[in-house]
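Engineer: Pasting a structure here, questions to come.
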Amino acid sequence: MAQHTRTVPAGTPTNVTQKHNRGGIGESTLRPDGILKVTGEFAYSSDMWHEDMLWGQTLRSTVAHAEIASIDISEALAMPGVYSVLTYDDLPAEMKNYGLEIRDTPVLANGRVRHHGEPVALVAADHPETARRAAAKIRIDYRELPVVTDEASALAEGAPLIHEGRDDHHAGHVPHPNIVHRQPIVRGNVEEARTRADVIVEGEYTFGMQDQAFLGPESGLAVPAEDGGVDLYVATQWLHSDLRQIAPVLGLPEEKVRMTLSGVGGAFGGREDISMQIHACLLALATNKPVKIVYNRFESFFGHVHRHPAKLHYEHGATKDGKLTHMKCRIVLDGGAYASASPAVVGNASSLSVGPYVLDDVDIEAIALYTNNPPCGAMRGFGAVQACFAYEAQMDKLAAKLGMDPVEFRRLNAMEMGTIMPTGQVVDSPAPVAELLRRVKARPLPPERQWETAGEGADVRALPGGLSNTTHGEGVVRGVGYAVGIKNVGFSEGFDDYSTARVRLEVINGEPVAMVHTAMAEVGQGGVTVHAQIARTELGVTQVTIHPADTRVGSAGSTSASRQTYMTGGAVKNTCEAVREAVLEIGRRKNGSYHPAWATAALLLEGGKVVTDGGEVLADIAEVLEGEDAIDLELEFRHRPTVPFDLKTGQGNGHVQYSFAAHRAVVEVDTELGLVKVVELATAQDVGKALNMLSVVGQIQGGTIQGLGVAIMEEIIVDPKTAKVRNPSFTDYLIPTILDTPTIPVDVLELADPNAPYGLRGMGEAPTLSSTPAVLAAIRQATGLELNKTPIRPEALTGTL
Amino acid sequence: MDFLRPASWEEALAAKAEFPTAVPIAGGTDVMVEINFDHRRPEYLLDLNRIALLREWEVAEDVVRLGASVTYTQIMENLRTELPGLALASHTVASPQIRNRGGVGGNLGCASPAGDSHPALLAAGAEVEVESVRGSRLIPIDEFYTGVKRNALAADELIKTVRIKKADGPQQYSKVGSRNAMVIAVCAFGLALHPETRSVRTGIGSAAPTPIRAKTAEEFLNAALDEGGFWESGKVITPSIAKQFGDLASGAANPIDDVRGTAKYRRHAVGIMARRQLVWTWEQYRGSGNGRSLEGAA
C-alpha cells in the first residue's frame, strides 16, 4: 500500500491570539472562540476532515447481558467499500482493557457483554453509510444471561458476578464482588447522640440516571503515522488520561500516540472516559488510513457514562431548639457494568453526605454496585449531587417537624471556617454557608400571579405548560424552596493531581508576546480565556497566544472537579512567575548597574515595562529581551497534598478545597396536570476570586439549569426487566429549553482562600448541587406531597403513576 | 435511495403513480428523522418542494383551503382568526426552526397519533383533498385516520390541500408534555364551539391508536347546552356540566403506558384539558355576546 505523507486534518485547532490593552484577571474579557461558536464557524471534532479518510462504525450489543456464542463478519467484510472489520480477536496487544481507575472495560467485548450498547465490533469503510450497513450485517449469536439491576439482585445469593476474579485494588475490602467500592465514615457516637434528639426524621430517596447531554457527540480522527504510531485528534476532557489508557491496548509506547484536542462541544464529565479514541486508532492502524468516527445522538447515549442513579437512606436528629444531633446514612450508587469513576464517586458521596452542616456524630456508608445497567461515572457534581438532594430534603423535614423556618434551621447548623468535617478534616478557609442562605432569602420574591399581563388574558409562557396552553392560571399554586450544598474542588484522596503549563515570552516586532501552551481540555469552561488573563497580569503583556492543547506538553489533569482554573490556571500563574523572574534576572544582568532599584525593589511587569512596586518604570520588557533567546519554560504545579480516607473509619484530610452555593427556587405548579414552571432560581455562591465575572456567572447559570433539568425532566429510563435503555434520544430524554429556564439572579461572594492561586475557589459544580433540591422543596411546598424521587414526573404530582 | 424532484403537481402525481412506494417529503421534519435513525429506508423520496401550489392557502367564504406544505409559522402568523385552534396547535409544534419547515400535510401523511395538528383538525371539522392521476377526492377528517401511523390514502395519492371550516365560534387547543416547549405530546386536546350549528366538536391526540373525537362527550355537551338554552342565553356553564364533559372526554381516551407517560395520567390529563377548554371557549363565547370574537385566548 502506498505510503502517504500526512498533513494535519482540516478542522483542527490553531493558535489563537488576542490582544487586549487591559484584560488581566478580574476583567470580563470575552472568549477567544465565542464569536466563532455563536456564528457557527467554530470547528468541532465532528467537523474534521482528512483527505483519503475512512469512516468508522461501532457495532453495539442489543442486549444487556449475554454470552457471545459466535460472531460472523464475513458478509460485512465482503461489502464493497469496507476496508476492515475488527473484533476482540483482532486486538493487537496483551492489554485488552482500559478504565479510569480500574482497567475492567474491554476495548471490544470478549465473549460476553455486560450492558446494553457495549461495543462488540468495528467497521471502517469509505462512506459512513457503507460502514453502518456493513455493521448491520455482522451476525452475533447472543446467549442471554439473567440481568443484575439493583442492590437486591446484585447481592442476592447466587447472583451472577459482573466481573469474576477481580484483582483490582478495591477487590480486597468490599463485602461482595458486585460492589465496586465501599466507604464507611464513622465519627463521634451516633447512638449516644441519638438520645439527645427531640425529633428524628428518616427518609428514603431515589435519584434518577441523568445524562450529561452535551451537544457535540463523541467524535475524533485517527491518522496513522509513518513511524508506526498514530496521531489522534479528539474531543476529550483529559488528553493524558486518554493517552495512558490508549497506548497499552494499541501495543504502542506513549510517545508514538500523539494527541491533539479538537473542538469540544460540551463535556460535563461525559468525556472523562474513553469512547471512540481506541476504536479509531485500531481502525487507522489496521487500514493505514485516517479514520474518523462520529457518533450520532442515539449512539452517544450509549457512548458515555451517565450520572449514578442512587438510593439514599437518611436519618437525622435535632434538639427542639433546632440543633442537629446526629446523622446516619446509607448511599447506594448504581455504577453499572464497568467501574469508570465509581470509586471516587463513592468517596465524594460519603465524605460530603452531611452537607455544609456541623455534625459531630455520624455513621455513613456509601457503596457503588456493579450491575448490568449502563455504566455510570463522572458528571458535574460527582456524588455530591445525589447526597445534596437527600440531605436537603431531610433539612426541610426536620424544620417542619420543629416548626422552624427552613432557612433559619439551616443557618443554625451551617458550617463555617473551623468546622470539622466527618472525615476529621478542618475547614480552613471561608465557608459562608449561613451568609449565602441569608442572601438568597433576602431577595424580593417575583410578584404573585406573574403570568397576568396588563392587557387581557395570561402570558402562557410564564405558566406551567408554556406554549402548550394547558392552563391560564387554573390549578396553579406557587411554592418556594431553599437549598445549599457543598462540593469538593480538585481530585481528592491522595491523587497526584498536578497541572503543567508551558509559557514562552519573546519580542515580536518590538513587542513582548506571551504564548501559553497547556494540555488543558477547553470544554466550554473558559480556561482559554483566563489563561490569557493570567499571562497579561503576571507578564504585563497585551498580546497572548493560546497554543492548541496537545500531549507535547505535560499533563494538565482533567477538566473536571471544578479544578481547571485553580490547577492549570495556577500552573500558568506559576510558570509566568518563573518567566517573570527570568526576565528580571536578564534585566538585572544588563541594567542593574544603572539603577539601584533593580537590586533593592520588588519588581513587576506591567504595561510592557519593568516597574517597581512603587510604580517607577525601570525598562521596557522589549529592551530587556533584546538580543536574547525567547524565554520558554514548562513547569508543573501542585495543590496541597491529600490522603486517602481510612477504609474503616473514613478519616483523613482527603479534600483540597470546598465550594458552596445556595439557591432559592420559586415555582408555579399546575397541581391538576402535574406540570411545573420554575419562575426564578436565585443563587448565591462564594467563588473566592472571580478571575472573569462573565464566565463565573455563566457557569453558575448553566449549572443551575442542569440541576433544574434533573429536578423535573431529565432521566435515562432503564427497563428493570431487561436493563435496556428506553429513551436514547432527545425526543424522549428531555433537557431544559430556554422556555424552561427561569430568571437566575446571581449573587457572587469573593472571600479569598489563602491556599489557592489568587484566592480563587473552583466553582463550576456547586450550583448543580443545590438547584435540584431547591426546586424539589418548592414543589413540595406547592403540593404538600412528599416527593422522594427525582426527577419528578407529572404522574407523581397527580397520583397517576 | 432515489430522489425524485417533480417540477409540477402533475409530474408529482405521475411520479407517485409510477413509484407508489415513494415517500413524499416536504419539510422533512418527520421523514428525515425516520431516515436518520434508520427506522425507514424508502426506495424513493418524492420531493414536493418545487411545487408552489402546495405552499399556498386561500380563505374562501366558509373554508380555508390550506396547501399541504403551508408551514406552521405561516398558519400562526396569517390564519389565527380563521383557524384559531390550528394556530394554537401550530404554536406547540417543536421549535421555531421546525415550524418554519413543517406543515399539516406532513402531519397527515405520517398520521402519527402524536401529530400536533390532528386534534385541531378534528375539532374544527376538515376534509383532506387528495389527488392521483386517477382524479381527486375529499376525505372527511373523521375517516382519514385508519390505524397507528396509517391513513386513508391510496398508494398513488398525494395530499394537496386540507379544507378546514372557518371558525364560527371560539376554539382551543392544549397539549401536555413534560417540558414547556419543544416537546412531543404526552396527550393533546382540541375543542371547537360551532354556534352556527349549535354544536361542539373535539379532538384527542396521543391518547389512542389514532387521533379521535370524544364523541360521547360531544353528544353530552350538545344536549346539555341545548336543553339548558345556553346558546341563546349565554349564561355561565355550570361546574357540573364542565366536570361531566371532562370525565366523558377522559373516558373516550384509550391510551397506553409508554416512556412518555402512563395511560392513567393521559386519561386524567385529557379530562382536565377538556374541562378547562370548555370554560375558556364558553367564556369567550359569552364575552363576545354572540361568539363573534374568534381569537384564541392565549
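Engineer: Could you list all residues from segment B:73-100 that are under 14 Å from the mean Cα position of the chain (by Cα), buried (at least 21 other Cβ atoms within 10 Å of the Cβ) and within 12 Å of chain A (Cβ to nearest Cβ)?
Structural biologist: Result: B:Pro84, B:Gly85, B:Ala87, B:Leu88, B:Ala89, B:Ser90, B:His91, B:Thr92, B:Val93.
Engineer: Sticking with this one: Working only within segment A:232-248, note down all residues that are surrounded by 24 or more Cβ atoms within 10 Å (Cβ to Cβ) and either among the acidic types (Asp, Glu) or over 14 Å from A:Arg552 (Cα atoms) (or both).
Structural biologist: Selection gives A:Val234, A:Ala235, A:Thr236, A:Gln237, A:Asp242, A:Ile246.
Engineer: Can I ask one more? Scan segment A:16-56 residue by residue and report those that are small (Gly, Ala, Ser), surrounded by fewer than 19 Cβ atoms within 10 Å (Cβ to Cβ) and outside any loop (DSSP other than H, G, I, E, B).
Structural biologist: A:Gly34 - this is the single residue of segment A:16-56 that is small (Gly, Ala, Ser), surrounded by fewer than 19 Cβ atoms within 10 Å (Cβ to Cβ) and outside any loop (DSSP other than H, G, I, E, B).
Engineer: Which members of segment A:576-617 meet the condition of being buried (at least 17 other Cβ atoms within 10 Å of the Cβ) and of a type in the set (Phe, Trp, Tyr)?
Structural biologist: A:Trp598
Engineer: Of all residues in segment A:304-315 being surrounded by 22 or more Cβ atoms within 10 Å (Cβ to Cβ) and out of contact with any Cys (no Cβ under 9 Å at 6 or more places or on another chain), which is farthest from A:Tyr357 (Cα to Cα)?
Structural biologist: A:His304
Engineer: Could I ask something else about it? Somewhere in segment A:1-15, is a residue surrounded by 15 or more Cβ atoms within 10 Å (Cβ to Cβ), touching a helix residue (DSSP H, G or I) at 6+ places or on another chain (Cβ under 7 Å) and not assigned by TED's automatic domain parsing to the domain that holds A:Pro128?
Structural biologist: Checking segment A:1-15: at least one residue is surrounded by 15 or more Cβ atoms within 10 Å (Cβ to Cβ), touching a helix residue (DSSP H, G or I) at 6+ places or on another chain (Cβ under 7 Å) and not assigned by TED's automatic domain parsing to the domain that holds A:Pro128.
Engineer: In segment A:470-514, how many are closer than 25 Å to A:Pro548 by Cα and either at pLDDT below 95 or surrounded by fewer than 20 Cβ atoms within 10 Å (Cβ to Cβ) (or both)?
Structural biologist: 9
Engineer: Here's another thing I want to ask about it. Which one of A:Val669, A:Val678 is closer than 13 Å to A:Thr743 by Cα, at pLDDT 95 or above, in contact with a Pro (Cβ under 7 Å, 6 or more places away or on another chain) and within 14 Å of chain B (Cβ to nearest Cβ)?
Structural biologist: Being closer than 13 Å to A:Thr743 by Cα, at pLDDT 95 or above, in contact with a Pro (Cβ under 7 Å, 6 or more places away or on another chain) and within 14 Å of chain B (Cβ to nearest Cβ) holds for just one of A:Val669, A:Val678, which is A:Val678.
Engineer: Consider B:Ala217 carefully, then state whether it is under 18 Å from A:Asn469 (Cβ atoms) and surrounded by 24 or more Cβ atoms within 10 Å (Cβ to Cβ). Spell out how you get there, then give the answer.
Structural biologist: Working: under 18 Å from A:Asn469 (Cβ atoms): no; surrounded by 24 or more Cβ atoms within 10 Å (Cβ to Cβ): yes.
No; evaluated as a whole, the condition is false for this residue.
Engineer: Let me ask something else about it. Failed condition for A:Leu412, given (1) within 26 Å of A:Asp396 (Cβ to Cβ); (2) away from every other protein chain (no Cβ under 14 Å); (3) part of a loop (DSSP other than H, G, I, E, B), with all others met?
Structural biologist: All conditions pass for A:Leu412, except number (3).
Engineer: For residues that are assigned to a loop (DSSP other than H, G, I, E, B), within 14 Å of chain B (Cβ to nearest Cβ) and among the acidic types (Asp, Glu), tally how many sit in segment A:441-484.
Structural biologist: 3
Engineer: So, in segment B:149-168, of the ones that are assigned to a loop (DSSP other than H, G, I, E, B) and without any contact (Cβ under 8 Å) to a residue 60 or more places away in the chain, which residue ends up surrounded by the most Cβ atoms within 10 Å (Cβ to Cβ)?
Structural biologist: Checking each candidate, the answer is B:Leu153.
Engineer: While we're on this one: Kindly list, by first and then second residue, each pair from a residue in segment B:169-181 that is more than 7 Å from chain A (Cβ to nearest Cβ) to a residue that is in a loop (DSSP other than H, G, I, E, B) and of a type in the set (Asp, Glu), limited to pairs with Cβ atoms under 9 Å and residues at least 6 apart or on different chains.
Structural biologist: Every condition considered, the pairs that remain are B:Gly169/B:Glu196; B:Pro170/B:Glu295.
Engineer: How many of the residues in segment A:749-783 are over 22 Å from the mean Cα position of the chain (by Cα) and under 18 Å from A:Arg664 (Cα atoms)?
Structural biologist: 9
Engineer: Surrounded by fewer than 24 Cβ atoms within 10 Å (Cβ to Cβ), modelled with pLDDT of 95 or more, more than 16 Å from A:Leu635 (Cα to Cα) and more than 14 Å from every other protein chain (Cβ to nearest Cβ): which single residue out of A:Thr559, A:Thr545 fits that description?
Structural biologist: It is A:Thr545.
Engineer: Let me ask something else about it. Name the residue that is nearest to A:Gln210 (Cα to Cα), counting only residues in segment A:696-729 that are within 13 Å of chain B (Cβ to nearest Cβ) and of a type in the set (Lys, Arg).
Structural biologist: By that ranking, first place goes to A:Arg726.
Engineer: Which members of segment A:61-83 meet the condition of being in contact with a helix residue (DSSP H, G or I) (Cβ under 6 Å, 6 or more places away or on another chain) and in a strand (DSSP E or B)?
Structural biologist: From segment A:61-83, those in contact with a helix residue (DSSP H, G or I) (Cβ under 6 Å, 6 or more places away or on another chain) are A:76, A:79, A:81-83; that's our starting set.
Those that are in contact with a helix residue (DSSP H, G or I) (Cβ under 6 Å, 6 or more places away or on another chain) and in a strand (DSSP E or B): A:Val82, A:Tyr83.
Engineer: Are any residues in segment A:148-197 under 18 Å from A:Lys648 (Cβ atoms), surrounded by fewer than 12 Cβ atoms within 10 Å (Cβ to Cβ) and free of Cβ contacts under 8 Å to residues at least 60 places away in the same chain, and if so, which ones?
Structural biologist: Selection gives A:Gly172, A:Pro175, A:Glu191.
Engineer: Still on this structure: Restricting attention to segment A:730-740, and to residues there that are within 21 Å of the chain's Cα centre (by Cα) and surrounded by fewer than 17 Cβ atoms within 10 Å (Cβ to Cβ), which single residue is nearest to the other protein chains (Cβ to nearest Cβ)?
Structural biologist: Only one residue tops the list, namely A:Thr737.
Engineer: Against the definition (buried (at least 24 other Cβ atoms within 10 Å of the Cβ) and of a type in the set (Ser, Thr, Tyr)), how does A:Thr800 come out, yes or no? Spell out how you get there, then give the answer.
Structural biologist: Numbers: buried (at least 24 other Cβ atoms within 10 Å of the Cβ): no; of a type in the set (Ser, Thr, Tyr): yes.
The answer is no for A:Thr800.
Engineer: If you go through segment A:250-269 one residue at a time, do you hit one that is among the basic types (Lys, Arg), surrounded by fewer than 24 Cβ atoms within 10 Å (Cβ to Cβ) and at pLDDT 95 or above?
Structural biologist: Checking segment A:250-269: at least one residue is among the basic types (Lys, Arg), surrounded by fewer than 24 Cβ atoms within 10 Å (Cβ to Cβ) and at pLDDT 95 or above.
Engineer: Go through (1) closer than 21 Å to A:Phe268 by Cα; (2) within 14 Å of another protein chain (Cβ to nearest Cβ) one by one and return the number of the condition A:Ile792 breaks.
Structural biologist: (1)
The values are calculated or read from the model by the stated rules, or taken from the named source; none is laboratory data. Bear in mind that the values here come from a model prediction, so they are computed numbers and not experimental data. Every residue, glycine as well, gets a Cβ built from its backbone with ideal geometry; the counts of neighbours run over all protein chains shown.
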